1. Considering only segment 312-342, how many residues are modelled with pLDDT under 95, in contact with a Phe, Trp or Tyr (Cβ under 9 Å, 6 or more places away or on another chain) and among the β-branched types (Val, Ile, Thr)?
2. Yes or no: VAL261 touching a Pro at 6+ places or on another chain (Cβ under 8 Å) and surrounded by 24 or more Cβ atoms within 10 Å (Cβ to Cβ)?
3. Starting from segment 262-291, take each residue that is assigned to a loop (DSSP other than H, G, I, E, B) and list its partners that are among the basic types (Lys, Arg), counting only C-beta distances under 6 angstrom and pairs at least six apart or across chains.
4. So which residues in segment 234-251 are more than 18 Å from LEU162 (Cα to Cα) and either part of a strand (DSSP E or B) or charged (D, E, K, R) (or both), if there are any at all?
5. Working only within segment 497-527, note down all residues that are more than 22 Å from LYS578 (Cβ to Cβ) and aliphatic (A, V, I, L, M).
6. Looking at (1) out of contact with any Phe, Trp or Tyr (no Cβ under 9 Å at 6 or more places or on another chain); (2) modelled with pLDDT of 90 or more; (3) not in a loop (DSSP other than H, G, I, E, B), which one does ALA111 not meet, given that it meets all the others?
7. Of all the residues that make up segment 390-431, how many are surrounded by 24 or more Cβ atoms within 10 Å (Cβ to Cβ), of a type in the set (A, V, I, L, M) and under 14 Å from GLY443 (Cα atoms)?
8. Taking the criterion of being among the β-branched types (Val, Ile, Thr), closer than 20 Å to THR132 by Cα and more than 34 Å from the chain's Cα centre (by Cα), would at least one residue in segment 218-237 satisfy it?
Amino acid sequence: MTTYRRSPLTQKEILEGMILVLNIRKKVYQGLVAAALSGMILTGCTTATTTPTSVTTGTSGTAATTTTGQGTSAATVSYTGNIAVEFGTNDSDDTYDAATATAIKLEGTSASVTGQGAAAASGKVTISAAGTYILSGSFEGQVLVEAGDEDIVRLVLDGADLVNESGAVINVVSADKVVLILADGTENSVTDGAGYSFSGTDTEPDAAIFSKDDLTINGTGSLTVSANYSHGIVSKDDLKIASGNITITSVGDGLKGSDSVAVKSGTVTINAGGDGIQATNDTEADKGYVWIESGIIDITAEQDGIQAVSAVIVKDGTIDVTTGGGSGNASTNASWGTWGKSGTASTSDSSDSAKGLKAGADVTIDGGTITIDSSDDSIHSNDSVTVNGGSISMSSGDDGIHGDTAVTLNGGDVNIAKAYEGIESSKITVNDGNVSLTTSDDGFNAAGGADGSSLNNRPGQNSFSSTSGVALVINGGNVYVNASGDGLDSNGNLEMNGGTVIVSGPTSNNNGALDYNGEFSLNGGFLIAAGSSGMAESPGTGSAQNSAAVFLTSQTAGTLVRVEDPDGNVIAAFEPAKAYSSVVISSSELVKGDEYTVILGGTATGTETDGYYADGTFSGGTEAVSFTVSGAVTQASQSGAQTGGMGGQGGGRK
């Protein structure tokens, strides 16, 4: 019996045709060669050890080209990463003096006004001055705000039931800002009709609540919006939710702000035929963003859950998003899916998509609890995605996380329970955090080099892009990959400097647990990767930390493989989730000159996560092969094992 104790271990359609042909050729070539040749796992040439990238916790982004939510025009947006939303007194203050406010009593198509600044006539209440206005009762008509450009108008909904069959129910034509206050303990509703009456070529207002100026909602009451024509709540400037209980059912988008949508607190529930939340200004730098500071947000949308022309920033809160019918209604198929996979890399999104969180320049998540079930990508940016913290759970019909230029994980818990590819970008960096991926194709797909080239992958292919520079970097954290395609796939170089990486890789011989196109420099951390043997690869000979690559006879899923040192101490123990015939292990405990034994089967008890035992007690099993560490990469083969590894150039281009 052996006792094992160790400390717990903590990246389109001009080139796409070319890519498809290249990848078809690649896969055919790989399959033929893997079946015809046998040999030991070869290693790639590597560079010297590099210093791990430092963790950057601030938001960042660069210029990117994107389409707006309705997608009729593309524009260049600039995001500098300096967004910070403030909720001032006029946004957060939900108190008012009923004795001095103007009271508007609503009944049918008429209303009585007590106080200054408002008038009622012919099914319309018109507010023309700054002040506080209390609306109560039921009304069939429109509340129209035509105040001065410097006026702050506060509309208190105090048990108001507002209906307008022919246009926007609340229509703000002019003001500095309108604040909708939901009175404490009240239930309020706003409902429009399916047909609006416009004059000439007008297409606005196009929402049940519509404002040409800043609009804020606060208070402790509730508001139900039924938008039967198009959108629920729209501001052509900034739209802020400071507090309140808001429920929106809309034919079009739920919440829509041109300059921004910001949520500070409250509960927001959206069921939208378009996007759940959308920000659209694509002409001004640092606008067109969605900011979520906190609150509870529940979105069910036919298209994108949260979509911003520039940035989506999540600081905290609880966010639950379902798009396009969920991951069961997958967007990816053998013909490359249905969600607008046309265009170049920088305009990869069509007007219609069903992504969970989507931005033209940057998605940054600092905290919160986020759950996404999406038929398209769960998190998508035409430029960068950064995760600094929080707990994120995803099920995707396409990529779990996709950033055209970069995906950086600095912390938090990222769980992708289902995806076509787990994390895809031109450059992927893992600095810290806990990452778990289960995919039908590649787990990590770093599809470009240091030059920033970026092309999307689709079924069974690697993108054609530069092999210069490091495309996939792991500096720390805990990473688990369960992939039916390549586990760690880099079309450039691959570098690991720390952390723990566990890979339960592919069973087919045209993929590998490790797949890289340049060099793999392994300089620290712990790695164990099990998978098929036909395309198996190992770290490079220039690595600072030793590794071993072992071919085995075919082993069934769940068969324990452990490696013991000369004294019988277990330095690695793993029960892969799928059948395997090759294992690559790298650990600081692999010492040059020492002999190690690979044992298959037996029993294990102890601390186990994703099939990996951080500590435990082991007994039984059969010795498969022994090897002596000879340098940075040592190769060994069990008697009777099929050796077909073609390592050395990674990414499939051998």
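The values are calculated or read from the model by the stated rules, or taken from the named source; none is laboratory data. From a predicted model like this one, the values you see are computed outputs, not experimental measurements. Here the Cβ is made from the backbone with ideal geometry for all residues, glycine too, and neighbour counts use every protein chain on show.
1. So the answer is 1.
2. no
3. Once the first residue is assigned to a loop (DSSP other than H, G, I, E, B) and sits in segment 262-291, its partners that are among the basic types (Lys, Arg) give ASN281/LYS287.
4. SER235, LYS236, ASP237, ASP238, LEU239, LYS240, ILE241
5. LEU522
6. Looking at each condition in turn, ALA111 falls short on (1).
7. 9
8. No, segment 218-237 contains no residue that is among the β-branched types (Val, Ile, Thr), closer than 20 Å to THR132 by Cα and more than 34 Å from the chain's Cα centre (by Cα).
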